[in-house]
1. If you take the beta carbon distance between residue 82 and residue 60 as r and set R0 to 25 Å, what does 1/(1 + (r/R0)^6) give as a FRET efficiency, to the nearest 0.05?
2. Determine, for 117, 83, the number of other Cβ atoms within 10 Å of each Cβ, and report the residues in order from fewest to most.
3. For region 46-137, rounded, prolate or oblate, judged on the Cα gyration tensor with a ≥ b ≥ c (square roots of eigenvalues), a/c < 1.5 rounded, else prolate if a/b > b/c?
4. Express the relative contact order of region 25-129 as a whole percentage, based on alpha carbon pairs under 8 Å and six or more residues apart in sequence.
5. How far, in nm, would the chain grow between residue 106 and residue 34 when pulled straight, counting 0.36 nm per residue and subtracting the alpha carbon separation?
Ligand SMILES: *[C@@H]1O[C@H](CO)[C@@H](O)[C@H](O)[C@H]1NC(C)=O
Ligand SMILES: [Cu+2]
């Protein structure tokens, strides 16, 4: 009887740990890396930054900027191309801003401060339909995990926590 209880506990803890790990496995990306979200005066800076990154639904963009000096506006492709700030769809004025990519497709972001977009403070994010990219680690069907570079400290923490939980539950089992 005690052994069955312990086995049940093992299963529950294992499932919980796995669920926690997957729930927090969406990648977080700080746009522009250490330079953050700023007027870079460089037309290719942000497209260079995102080169090689495969964005998936659920991933989070962190626009790192000081409130009142920049902002993040979602715009159409036409307004992105023209740096038109008159028809923004949504604007986040408080930095740093966390923007969750909750739909596949193209997403266009610009800064609406005068001269910033035309100076290169604009980024076009293409979000894939969460099929694993070639070369990523194999996943079980139905999950959306990939191998994002680099893993955020949060997901590492959860991974470590999961391992500890597993170890504890194995201890119960023996
Ligand atoms: C623009 O940014 C890219 C990426 O950081 C860099 O490689 C390039 O040298 C920059 N160009 C200029 C003109 O600063
Ligand atoms: Cu700006």
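Throughout, read-outs are computed from the coordinates displayed, never taken from laboratory work. Small disclaimer: the values here were computed from a predicted structure and weren't measured. FYI the Cβ positions are ideal-geometry reconstructions off the backbone, even for glycines, and counts take in every protein chain you see.
1. On the way: r = 28 Å, r/R0 = 1.10.
Calculated transfer efficiency: 0.35.
2. Values: 117 22, 83 18.
Placing the least packed residue first, the sequence is 83, 117.
3. On the way: a/c = 1.98, a/b = 1.74, b/c = 1.14.
Verdict is prolate for region 46-137.
4. Values: 221 pairs, mean separation 36.6, N = 105.
Dividing the mean separation by the residue count of region 25-129 yields 35 percent.
5. On the way: separation 72, 0.36 × 72 = 25.92 nm, distance 2.41 nm.
Difference between extended and current length: 23.5 nm.
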